Structure formats: C-alpha cells, structure tokens
1. Mind jotting down the distance between the C-alpha centroids of segment 41-105 and segment 219-251, whole Å?
2. So what's the back-of-envelope 222 nm ellipticity for the chain, counting only DSSP H runs of four-plus at -39500 (n - 2.57) apiece and dividing by all residues, rounded to 500?
3. Taking 1 over the mean of 1/r across every pair of different Cα atoms in the chain, what Kirkwood radius in Å do you get?
4. What order do you get for 97-105, 220-228 when each peptide is scored by the mean count of other beta carbon atoms within 10 Å, highest first?
5. Which ordering of Trp11, Trp172 is given by a fewest-first count of other beta-carbon atoms within 10 Å?
6. For Met13, Met115, which order do you get if you count the other beta carbons within 10 Å of each Cβ and list the fewest first?
7. D for segment 67-152, whole µm²/s, Stokes-Einstein with Kirkwood Rh over alpha-carbon pairs at 10 °C and 1.306 mPa s: what number?
8. Check which residues have an amide H placed less than 5 Å from Gly9's amide H, if you skip close sequence neighbours.
Amino acid sequence: MARKKIVAGNWKMNTLPAEGVELAKSVVAGRGEVCECVNFIVCPPFTHLAQVIEQVKGSDIAVGAQDCATEAKGAYTGEVAASMIAALGCKYVILGHSERRQYYGETSESLNKKMAQAYANGLTPIYCVGENLEEREAGNHFAVCKAQIEEVVYNLTEEQFASLVIAYEPVWAIGTGKTATAEQAQEIHAYIREVLRAKFGAAAEECPILYGGSCKPSNAAEIFAKEDVDGGLIGGAALKAEDFLAIGKGF
Ligand code: 13P
C-alpha cells in the first residue's frame, strides 16, 4: 500500500499578496520537474488565499489555510470561518501548529472545535503535533505527541480520520536550522502511527504523517526515505519556489 506523498508549504505570516502570487506562479511553473506522485499544497496567509487559488488553477497544486475559527459564523471579530475558507476553493487547513499553541493559546479544546468545523465544510485538516526542547530533553516527546493525538484525533469518526493528514513538528527544529535526524523522525513517526493504530486499526497505515522543522532540499531525501515519513510541512524553504520544489524531488 502506498501512502499519499505530500509536500506542504506553510508560508506563515510571510509574503505580501503580490509576492505570494509570484511565489505560487513560480511553483506552478516548476512543478513539472517533480514527480507527479508528489501532492503539493501551499498555505498562504488569509489575505491572499483567493489570489493564490486563482494562480494555481489548472495545476494540481492544492491550497490550504493556516487556521480556522472554532465557530461556524457570527460575532467573532477577526476570526475566519472554515466555510469561508472552503468557499474560496481551499482544500486543506493547518490546525494545531505549535506557533498557535505557543503564542495564541491553542488547546485541545479549541482544536476539537476547529477540527469539527473543518470537516463540516469539507476541508482536510493537517493536524500538527510535536514537543518542545524541554520535553524532548526530558524524554517526554512520545507522551506529548500521544496526548496531542488522543485529545483531538481520537474524537474523529473513522470516516473523518480517513482523510486526515498529520504533521510531526518538533518545536526545537522549527526555524532553528536544527533538523531532527532521519532516525529521530522515523522513530516518532512510527510511534505516532502506532498510537493511531490503537484507535483506528489498519486505517492508520494510510494516514500521511509529514515531518516539519528546518526541512530543506539538502535533508529532505534522507528524511523522506524513512518508512513512516510521508512528506514534509515546510516553513522557511517554502518561501522560495526553487527550494520548495527541490524538496519534492526528495522522494
Ligand atoms: P521551518 O521549515 O521554517 O523550520 O518551519 C517548519 C514549520 O513550522 C512548518 O509548519
């Protein structure tokens, strides 16, 4: 059974609209150089989702948002509903990114609501888990990832789980230039799959688990070669089309 291979770019709070459109244009232009077997996703800021969607039209590049609201609609100033994102043509939404957990008080409670909103609107969540440095050094990384999955992913139905994408992103490797070794990634990806198997059985074999954290063209191939690593969630290197596409060549 071959799992879906995914390279997703999380642009975070980078690029002005015109820059994002240019970036998307370059990704589309170079996409042909990479195996068709790779599913590319770009996740720009909300402000230029529509323009980027327009730009990738006609290609096989999918677009995702970086977050969505816990509620369906109403008096929630500043929030963006999953239905709005879906109406633009987005297919994915990143949920539970460590930066949202760390800086914006994201919890399992809010994430359960966001997951429900995403599924109710036909979006596929890219659900992020991962430990910080202190947790890794204390040997708690397995327990942290397990709890982040049990508290949220375990609440999904089998049907919802069937389309879920998970991203393992060790916080200590994000934007630090410090990458988990391929062995460290494989060890925890296999563990995450085991935690998924305990709840969802054989369906766990089909769930793509992406690695994120200073992933770049020079280390992608080694990491992606590992059995339980099904691609990457890319930050910094996704801001250069050439690097982003080169990461896709890592398969
Ligand atoms: P970097 O690739 O910049 O380390 O970011 C990873 C990340 O957080 C992707 O969501």
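Nothing in this text is a laboratory measurement; each read-out follows from the coordinates by a stated rule. Predicted model only: the values in this text are computed from it and were never measured. Neighbour counts run over all protein chains shown; Cβ positions are idealised from the backbone, glycine included.
1. 22
2. -11500 deg cm²/dmol
3. Averaging 1/r across every pair of different Cα atoms and inverting gives 17.9 Å.
4. Numbers: 97-105: 16.1, 220-228: 17.9.
Ranking, from highest mean packing down: 220-228, 97-105.
5. Trp172, Trp11
6. Starting with the residue having the fewest Cβ neighbours, the order is Met13, Met115.
7. 117
8. Sorted by chain and number, the residues that satisfy this are Ile41, Val42, Cys43, Ile234.
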